[in-house]
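Presented below is the structure to which this report refers.
The values are calculated or read from the model by the stated rules, or taken from the named source; none is laboratory data. Keep in mind that what you see is a predicted model, and the values were worked out from it rather than measured. Glycine gets a Cβ as well: all are built from the backbone with ideal geometry, and neighbour counts include every protein chain shown. Ligands, DNA and RNA are stripped out before the accessible areas are found, and what is left, the full protein with its side chains, is counted by its heavy atoms. Shrake-Rupley method; radii C 1.70, N 1.55, O 1.52, S 1.80 Å.
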Amino acid sequence: MDKKRSTLKISSSSVLAERSWSGSGVNKNKAMVEHLQHYGVITSKKVSEVMETIDRACFVPDGTPPYVDSPMAIGYNATISAPHMHATCLQLLEENLKPGMHALDIGSGTGYLTACFALMVGPQGRAVGVEHIPELVVSSIQNIEKSAAAPLLKEGSLSVHVGDGRKGWPEFAPYDAIHVGAAAPEIPQALIDQLKPGGRMVIPVGNIFQDLKVVDKNQDGSLSIWSETSVRYVPLTSRDAQLRGCCEKQNEKAPLTARG
Ligand code: SAH
């Protein structure tokens, strides 16, 4: 089943995508969260608490403004997603990020969302990041060590791995929540296989035109899929194709700036 949803919340977040509050002198993490609440992007108390606890400043490269509502380059043709996209994905996955649950973050980049997931599932749960650029895995671990999720990394309920995210990470499957931070031409079968019945995956799908798809695995193993909103993410591709700045199967320039 593939149903399209269109809600007020979506249109308010796309208005917000054009907005930056850095110029208005608001430059603190808490203020960023309050703005996302004010514009109706964050409605969940849990998500606002987590985003207040995990300071984005720990996750952006030096010299990059951390609280602007826009994706920012992190090197290797990758970006850290915009705060409103992080908030949207956390809210979509909230029910599948309860204490003790297992969460997989594909294309974990800076490690920001992996850290948020780890905080939500807690020490009895599992938050796993998979990223195919080894240098980003190293820097994401350093970022997490500076953040409120550091104890979870130390205890081992949070881990980040170098790997091809299209294959998932079978070691800790099945997952209650899977987030994919890069746009796939189609939903990888390995990720569907590693999703628990009752689990939810959030994944941008498409090439130039992309939809953020929400994939629910029902108890009988069937899938319910809908499109939450239009997005623009970097491609989920091979490491070589990403470093060349090209899509793997299309010999054309990939969209390297993402709203996601
Ligand atoms: N959620 C991350 C998004 C980073 S951008 C953040 O906000 O920091 C998308 C990431 O996906 C990039 O870091 C890119 O290197 C990674 N990526 C792309 N294709 C991949 C693949 N096949 N396997 C693992 N990671 C991949």
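Got a sec? Which of ALA183, ALA190 is crowded, with 21+ Cβ neighbours inside 10 Å and of a type in the set (Gly, Ala, Ser)?
Values: ALA190 fails: crowded, with 21+ Cβ neighbours inside 10 Å.
When all the criteria are applied, what remains is ALA183.
Quickly run through region 211-234 and pick out the residues that are part of a strand (DSSP E or B), open to solvent by less than 10 Å² (accessible area, probe 1.4 Å) and not β-branched (Val, Ile, Thr).
LEU212, SER227, GLU228
How many of the residues in region 235-260 are modelled with pLDDT of 95 or more and open to solvent by less than 30 Å² (accessible area, probe 1.4 Å)? If you could, list the steps in order and put the result at the bottom.
Start the filter on region 235-260 by keeping residues that are modelled with pLDDT of 95 or more, which leaves 235-243.
Checking the rest, the ones that are also open to solvent by less than 30 Å² (accessible area, probe 1.4 Å) come to 235-238, 241-242.
Within region 235-260, residues that are modelled with pLDDT of 95 or more and open to solvent by less than 30 Å² (accessible area, probe 1.4 Å) number 6.
Residues are listed down the side, and each one gets a yes or a no for (1) open to solvent by 10 Å² or more (accessible area, probe 1.4 Å); (2) away from the ligand (no atom under 12 Å from the Cβ):
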| site | (1), (2) |
| --- | --- |
| ASP69 | no, yes |
| ASN77 | yes, no |
| ILE80 | no, no |
| GLY100 | yes, yes |
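Pairs only if they're at least six apart or on different chains, beta carbon under 7 angstrom, first in region 132-146 and closer than 11 Å to PHE59 by Cα and in a helix (DSSP H, G or I), second acidic (Asp, Glu) and within 12 Å of the ligand (Cβ to nearest atom); list them, first residue then second.
Going by the 7 Å Cβ cut-off, the qualifying pairs are SER140/GLU131.
Could you give every pair whose Cβ atoms fall below 6 Å, whose first residue belongs to region 160-171 and is more than 19 Å from ASP240 (Cα to Cα) and modelled with pLDDT of 95 or more, and whose second residue is hydrophobic (A, V, I, L, M, F, W, C) and within 10 Å of the ligand (Cβ to nearest atom), counting only separations of at least 6 or pairs across chains?
VAL160/VAL137; TRP169/VAL130
Tell me which residues, restricted to region 49-67, are more than 11 Å from the ligand (Cβ to nearest atom) and hydrophobic (A, V, I, L, M, F, W, C).
The answer is VAL50, MET51, ILE54, ALA57, CYS58.
Quick one: count up the residues across region 205-241 that are of a type outside the set (Ser, Thr, Tyr), more than 17 Å from the chain's Cα centre (by Cα) and within 16 Å of the ligand (Cβ to nearest atom).
Total satisfying the criteria: 4.
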